[in-house]
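The values are calculated or read from the model by the stated rules, or taken from the named source; none is laboratory data. The shown structure was predicted, so the numbers you read here are calculated from the model rather than taken from an experiment. Don't worry about glycine lacking a Cβ; one is built from the backbone with ideal geometry, like all the others, and counts go over all protein chains shown.
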Amino acid sequence: MQIYEVGGAVRDALLGLPAGDRDWVVVGATPQQMLDAGFQPVGKDFPVFLHPRTHEEYALARTERKSGRGYHGFVFHTAPDVTLEEDLARRDLTINAIARGPDGTLVDPHGGRRDLAARVLRHVSPAFAEDPVRLLRLARFAARFADFSVAPETMTLLRQLVDQGEVDALVPERVWQELARGLMADKPSRMLAVLRACGALKRLLPEVDRLWGVPQRPEFHPEVDTGVHLGMVLDEAARTQQPLAVRWALLCHDLGKGTTPAELLPRHHGHEQRSAKLAQALAERLRVPGDCRDLADVVAREHGHLHASNTLGAAALLRLFERCDAIRRPERFALVLQAGACDARGRLGHEDDIYGPADRLPPLLDAARAVDTATVAAAAQARGAKGPDIGRAVHAARADAISAALAA
């Protein structure tokens, strides 16, 4: 039995990056030998075991053969005679196909170290094109390693994978999983760029893909192109380390601009509501978690009003807070403001702008939330108010509180 460290931990160590989860491959062993050594089985499609002390994953060396469409369409073979080199040959990228032995010796049959030095994402073998998940993985690696290029021959394989319809076999949960990881990388725009270049974005996220080539008013968007703006916004979210819900909301915030009639361009009147509708449909299709879906809805509908909030009076500001459910959920409204700031800064020449609403709106919201609604309601009832009239009295008291805060 021989044990080697493989995959991302080896790659990241060679890049001088912090170590993450470690994975191991075991050569020359049977499942029974692993069980006898105290390992716990966890694999369903092929034998994977958890170490009895470290709980790290140890997989038996294996080969695979394509047996159908999609990423489930594989037959795996494990046996004591499967070599390390055969196991490494089934991996996706050369930089992920490096193994390290117990003595530190590196096994690198596919030139992974060379591609690390050259900053290239390159497939190990033509079998790469058999698994559509690998396309998504490569795109998110491009977002994580922003200074890496995609080898031309690998881009050709990506296009082949799309043309053959393999991308269409991906299940929504897996698309969301890989997309979310790419959004959380250092440069999410690179993920979108790779997906666009191979044609996968049009198949997986057509609502997003159609934003490229759509012009915006240059006095507000010097970068003009809506797709370019989207990439800048997402990269600003990464730069400021926003959570996933904010990044997803930003991915969706301008979707409606892709459906603006050509005769109305470069203006996009009403795009906010169209964006919200498209964002909801996209979230349902990909089965996006509720917190991401809900924040995207609010940001899509209200980001324009946020940007213009310095022109709003107390009554209009209160209506904005109510539409955002900010009085009940101030912590989510804080995320809405963060999304607004990224949107405002994701424009050519505006990267260092101060986003006024982020400073102006929280104190006004605090004033509205500080109203003692029980006291206001009791006073209204004492005057004979009932039902909706009590609600209007509370609304008026909050508007007065905002007005006083504006005047202070």
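Among Leu157, Leu116, Leu170, Leu121, which is of a type outside the set (Lys, Arg) and out of contact with any Leu (no Cβ under 8 Å at 6 or more places or on another chain)? Spell out the reasoning first.
Details: Leu116 fails: out of contact with any Leu (no Cβ under 8 Å at 6 or more places or on another chain); Leu170 fails: out of contact with any Leu (no Cβ under 8 Å at 6 or more places or on another chain); Leu121 fails: out of contact with any Leu (no Cβ under 8 Å at 6 or more places or on another chain).
Being of a type outside the set (Lys, Arg) and out of contact with any Leu (no Cβ under 8 Å at 6 or more places or on another chain) holds for just one of Leu157, Leu116, Leu170, Leu121, which is Leu157.
Residue-by-condition table, conditions (1) within 14 Å of Leu204 (Cα to Cα); (2) touching a Lys or Arg at 6+ places or on another chain (Cβ under 8 Å):
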{"site": "Val120", "(1), (2)": "no, no"}
{"site": "Phe128", "(1), (2)": "no, yes"}
{"site": "Ala143", "(1), (2)": "no, yes"}
{"site": "Phe148", "(1), (2)": "no, yes"}
{"site": "Thr156", "(1), (2)": "no, no"}
{"site": "Val162", "(1), (2)": "yes, yes"}
{"site": "Asp168", "(1), (2)": "yes, yes"}
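State all residues of the stretch 320-349 that are without any contact (Cβ under 8 Å) to a residue 40 or more places away in the chain and under 27 Å from Thr226 (Cα atoms); if no residue qualifies, say none.
The answer is Leu320, Arg323, Cys324, Arg332, Phe333, Ala334, Leu337, Ala344.
Mind listing whichever residues of the stretch 293-350 are basic (Lys, Arg) and either in contact with a His (Cβ under 9 Å, 6 or more places away or on another chain) or part of a helix (DSSP H, G or I) (or both)? Talk me through it step by step, then tell me what you get.
As a first pass, look at the stretch 293-350 and keep what is basic (Lys, Arg): 293, 301, 319, 323, 328-329, 332, 345, 347.
Across the stretch 293-350, the qualifying residues are Arg293, Arg301, Arg319, Arg323, Arg332, Arg345, Arg347.
Please verify whether Asp353 is of a type outside the set (S, T, N, Q), more than 17 Å from Gln242 (Cβ to Cβ) and not in a helix (DSSP H, G or I), treating the condition exactly as stated.
No: the conditions fail for Asp353.
Have a look at Glu302, Glu322 and point out the one that is buried (at least 16 other Cβ atoms within 10 Å of the Cβ), within 30 Å of Ala397 (Cβ to Cβ) and out of contact with any Asp or Glu (no Cβ under 6 Å at 6 or more places or on another chain). Show your work before the answer.
Details: Glu322 fails: buried (at least 16 other Cβ atoms within 10 Å of the Cβ).
Only one candidate passes the filter, namely Glu302.
Answer yes or no: is there a residue in the stretch 197-204 that is surrounded by fewer than 22 Cβ atoms within 10 Å (Cβ to Cβ), free of Cβ contacts under 8 Å to residues at least 24 places away in the same chain and under 11 Å from the mean Cα position of the chain (by Cα).
no
Report, by residue number, each residue of the stretch 38-57 that is over 31 Å from the mean Cα position of the chain (by Cα) and free of Cβ contacts under 8 Å to residues at least 12 places away in the same chain. Working first, answer last.
Quick first cut of the stretch 38-57, residues over 31 Å from the mean Cα position of the chain (by Cα) only: 38-41, 51-53.
Matches in the stretch 38-57: Pro41, Arg53.
Given the structure, is Arg114 closer than 26 Å to Ala142 by Cβ and at pLDDT below 95? Write out each step before concluding.
Numbers: closer than 26 Å to Ala142 by Cβ: yes; at pLDDT below 95: no.
It is false that Arg114 is closer than 26 Å to Ala142 by Cβ and at pLDDT below 95.
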